[in-house]
Amino acid sequence: APVPPDGACPAAPTAADRAIVVTLLLVSASATGTVMFRRFFSVGRAGLLTIAFVALALVVFRPRWRRALDMRMVLVLTLALFVLAATRWPRNSTDLWSYAAYGRMTTQYGASPYRHTPSDYPNDPVTRRVKPIWQDTESVYGPLWNGISAGVVSVTDTDRRHTRVAFQSLAALAVFLAVLLIARRTRDPAAVALIGLNPVIVYAVVNGGHNDAFVGLGLLAGVLLVSRNRFVWAGFAI
């Protein structure tokens, strides 16, 4: 960190600063949570997400308030938002049903998701939930993810709630592991908040159950390993 002139130290955050930080974080988390808890039209959804972004940005980018951030508070709020995101119906995507459909092709029909499409199994209750635009699309995911999807549906079968929550929970787990890696490496609550309390990550990635969460986790792990000269493990992670 830059050294202030004349050896002066930055002013320590006051009780008022801490109260403002807590209030802004709660406003941000509440706005993000509300978007997932209720269905809104595009304008209302965009408005709430904007409020969440602005409140978080005020804390993270204002130096005095940034110093008032507490790591434990950030992690607790992150965990609470991830639990909510993993238990509410996806508001922004239906991709997890494509994951489930490709998994079902392997476990139920012994078919390759690279040679078949969901529309080949019109009577399957899982494939019927795939968005129409993707019904005639073979899997675009690698065999590792298709294998994970097969493992999920082998447990959840055709149960809609259990399947949904399973994929959302996997996304939440991947992002939370990334958050913990960032916390351990930086010791900076603001850096953790930029990921864990980020409205887009909570709303789009975790609530949507997106497998992009695992891509992000792998790349982050690879970068951290490279910074410690562990190139073989970094290559494996990436």
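The table below gives the values:
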| read-out | value |
| --- | --- |
| Cβ pairs under 9 Å, 6+ apart, first in segment 215-237 and polar (S, T, N, Q), second open to solvent by 50 Å² or more (accessible area, probe 1.4 Å) | S227/R185 |
| Every residue from segment 13-36 that is outside any helix (DSSP H, G or I) and either open to solvent by 30 Å² or more (accessible area, probe 1.4 Å) or closer than 28 Å to N207 by Cα (or both) | T14 |
| The one condition in (1) surrounded by fewer than 17 Cβ atoms within 10 Å (Cβ to Cβ); (2) closer than 30 Å to S227 by Cβ that A204 fails to fulfil | (1) |
| Identity of the residue in segment 56-71, in contact (Cβ under 8 Å) with a residue 24 or more places away in the chain and assigned to a loop (DSSP other than H, G, I, E, B), that ends up most open to solvent (accessible area, probe 1.4 Å) | R67 |
| Tally, over segment 136-165, of residues that are outside any loop (DSSP other than H, G, I, E, B) and under 23 Å from Y114 (Cα atoms) | 16 |
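Results for (1) part of a helix (DSSP H, G or I); (2) surrounded by fewer than 21 Cβ atoms within 10 Å (Cβ to Cβ), shown as yes or no for each residue.
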position: T50; (1), (2): yes, yes
position: L75; (1), (2): yes, yes
position: F82; (1), (2): yes, no
position: S98; (1), (2): yes, no
position: G103; (1), (2): yes, no
position: A111; (1), (2): no, yes
position: R115; (1), (2): no, yes
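The values are calculated or read from the model by the stated rules, or taken from the named source; none is laboratory data. Here the structure is a predicted model, which is why all the values come from computation and not from measurement. For neighbour counting, all protein chains shown are included, and Cβ atoms are generated from backbone atoms with ideal geometry for every residue, glycine included. Please note that ligands, DNA and RNA were not included when accessible areas were found on the heavy atoms of the full protein model with its side chains. Shrake-Rupley method; radii C 1.70, N 1.55, O 1.52, S 1.80 Å.
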